[in-house]
Amino acid sequence: MAKLLSYLYPITKKIQSDFSGTLEITWYNGKKHLNTKNANYSYGSLQRILKFGLKHVDLNKVKSVLLLGLGGGSVIETLRKDFSYTKQITAVDIDPTVIDIAKNEFGLKEDGNLKIVCEDALVFMQVNSTQFDLIIIDLFIDTDVPKAFLMIPFWKDILKASSTNGTILFNASLAKTKSHALNEVIEFLKSHKYQTEVFEKVNQTNTLILSKGL
């Protein structure tokens, strides 16, 4: 019923999260979205933004994916449905409420090719010993990327986890201009022999960074 009524007007349910504040699950035009007060977390503009980035990745060469920032799981849906990706995905999210929403509201299920880890991505990367062919970084609290994920120590851990000739896709910013910290990340990647492209105003809003190991 909610799906049908959503073609007439949005229907929203609010859930409180200790990490993300008030989360909104909204039916709109027959599709369910996960939002915060100011930003889309899953199954809306964010899904389109990351799909744009994934179009620039040769997924035929990707045998393992690390996703930092699960949200409602729309990136996993995009990988599986739009790109027919069936191999291993490890998804990390600090917020147990968000993980529950992904499972209970959006039907995300762990299986032999999907492992979900409830952990701070910063801590996860510090102890991680596995390498991945594709690392997707989508770490927002509302509209902001926490400062720790724009610091070089975090990116050193990312490069350790990136396999030879691996690819990194970073949903980097909603700001109109790149910050000094983001420019430092870009230069760090380039200095470590990663071919780095910057896509600004993807879907009129976000900056995406795509880096490929040489």
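Numbers for the structure displayed
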| item | result |
| --- | --- |
| Some residue of segment 151-172 being at pLDDT below 95 and among the hydrophobic types (A, V, I, L, M, F, W, C) | yes |
| K190 being assigned to a loop (DSSP other than H, G, I, E, B), in contact with a strand residue (DSSP E or B) (Cβ under 7 Å, 6 or more places away or on another chain) and over 22 Å from L70 (Cα atoms) | no |
| Any chance V145 is under 25 Å from D18 (Cβ atoms) and more than 17 Å from the chain's Cα centre (by Cα) | no |
| Strands (runs of 3 or more DSSP E) (entirely within segment 18-113) containing at least 2 residues that are without any contact (Cβ under 8 Å) to a residue 40 or more places away in the chain, more than 15 Å from the chain's Cα centre (by Cα) and surrounded by fewer than 20 Cβ atoms within 10 Å (Cβ to Cβ) | 21-28 |
| Residues satisfying the stated conditions in segment 24-49, i.e. among the aromatic types (F, W, Y) and modelled with pLDDT of 75 or more | W27, Y28 |
| Number of positions in segment 145-160 that are under 20 Å from Q131 (Cα atoms) and either buried (at least 19 other Cβ atoms within 10 Å of the Cβ) or of a type in the set (D, E) (or both) | 5 |
| Positions within segment 186-214 being more than 20 Å from Q131 (Cβ to Cβ) and in contact with a helix residue (DSSP H, G or I) (Cβ under 6 Å, 6 or more places away or on another chain), in sequence order | V202, N203, N206, L208 |
| Enumeration of residues in segment 114-142 that are within 28 Å of T22 (Cβ to Cβ), touching a residue at least 60 places away in the same chain (Cβ under 8 Å) and over 14 Å from the mean Cα position of the chain (by Cα) | none |
| Per-region count, segment 164-210, residues of a type in the set (S, T, Y), surrounded by 17 or more Cβ atoms within 10 Å (Cβ to Cβ) and within 20 Å of I141 (Cβ to Cβ) | 3 |
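Conditions tested, residue by residue: (1) among the small types (G, A, S); (2) closer than 22 Å to V65 by Cβ.
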{"position": "D157", "(1), (2)": "no, yes"}
{"position": "A172", "(1), (2)": "yes, yes"}
{"position": "S179", "(1), (2)": "yes, no"}
{"position": "E184", "(1), (2)": "no, no"}
{"position": "T196", "(1), (2)": "no, yes"}
{"position": "N203", "(1), (2)": "no, yes"}
{"position": "I209", "(1), (2)": "no, yes"}
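The values are calculated or read from the model by the stated rules, or taken from the named source; none is laboratory data. Predicted model, so just to flag it, every value in this text is computed and none were measured. Positions of Cβ are generated from backbone atoms using ideal geometry, with glycine treated the same way; all protein chains shown enter the neighbour counts.
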